[in-house]
Every structure is written in C-alpha cells, then in structure tokens.
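First up is the structure itself, then whatever we jot down about it.
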Amino acid sequence: MYLPDEIQKILRNKKIITENEVVLKEADLYVAVNVLTQNKRTIRFEQSIIEKHVKAENNNRKILKG
C-alpha cells in the first residue's frame, strides 16, 4: 500500500526520500522504491508524520444525516 501523496511530499521535503522515490508499506516496513530504476530500500522516519496526517483527516470527517 502506497502512502498518501501528502506524506510522500513531507518525506521529500525532509530529504528522507528523493524526487524519484515513492514509499509503500510492506508488513511493518516502509520501503522507498525508485520509480526509474526499481531499486528498493527500507527507510525509517518519525511515526508522528503519519499520525498528524490521520488526525487531520479524522477532523475533516462529518456525519451526514438524511
């Protein structure tokens, strides 16, 4: 499963991944995949990046009544 675009952008800004890499989660590992060469490497980053994104998404949810 690929991480959302917003998190990918944050990881690029923090220089954790390069412009040619995308991050996907495989089991309990995060893997950066170079889209040009298909090289893979495991990465580590602060879980707070994902937690902030999930929290922001949950705040934007609304219950529809009809």
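Nothing in this text is a laboratory measurement; each read-out follows from the coordinates by a stated rule. Predicted, not measured: the structure shown is a model, and the values here were computed from it. All Cβ positions, glycine included, derive from the backbone under ideal geometry; neighbour counts span all protein chains shown.
N34: net charge of surrounding residues, Cβ under 9 Å, Lys/Arg +1, Asp/Glu -1, itself excluded? Mind showing how you got there, number by number?
Numbers: positive: K40, R41; negative: E21.
Local net charge: +1.
How big is the dipole moment of the range 5-59 about its Cα centre under a simple scheme where the beta carbon of each Lys and Arg is +1, that of each Asp and Glu is -1, and everything else is neutral? Debye, nearest 20, please.
The dipole magnitude comes to about 200 debye.
Starting from the 7 Å offset along Cα-to-Cβ, what nm value, one decimal, do you get for the label separation of K15 and D28?
According to this spin-label approximation, the distance is 3.0 nm.
May I ask you to compute the full-extension gain from Q38 to Y2, defined as 0.36 nm times their residue separation minus their alpha-carbon distance, rounded to one decimal in nm?
Values: separation 36, 0.36 × 36 = 12.96 nm, distance 1.47 nm.
Computed gain between Q38 and Y2 is 11.5 nm.
Using only the alpha carbon atoms of the range 5-59, find the Kirkwood hydrodynamic radius as the inverse mean reciprocal pair distance, in angstroms to one decimal. Write out the running numbers ahead of the final one.
Values: mean 1/r = 0.0849 Å⁻¹.
Computed over the range 5-59, the radius equals 11.8 Å.
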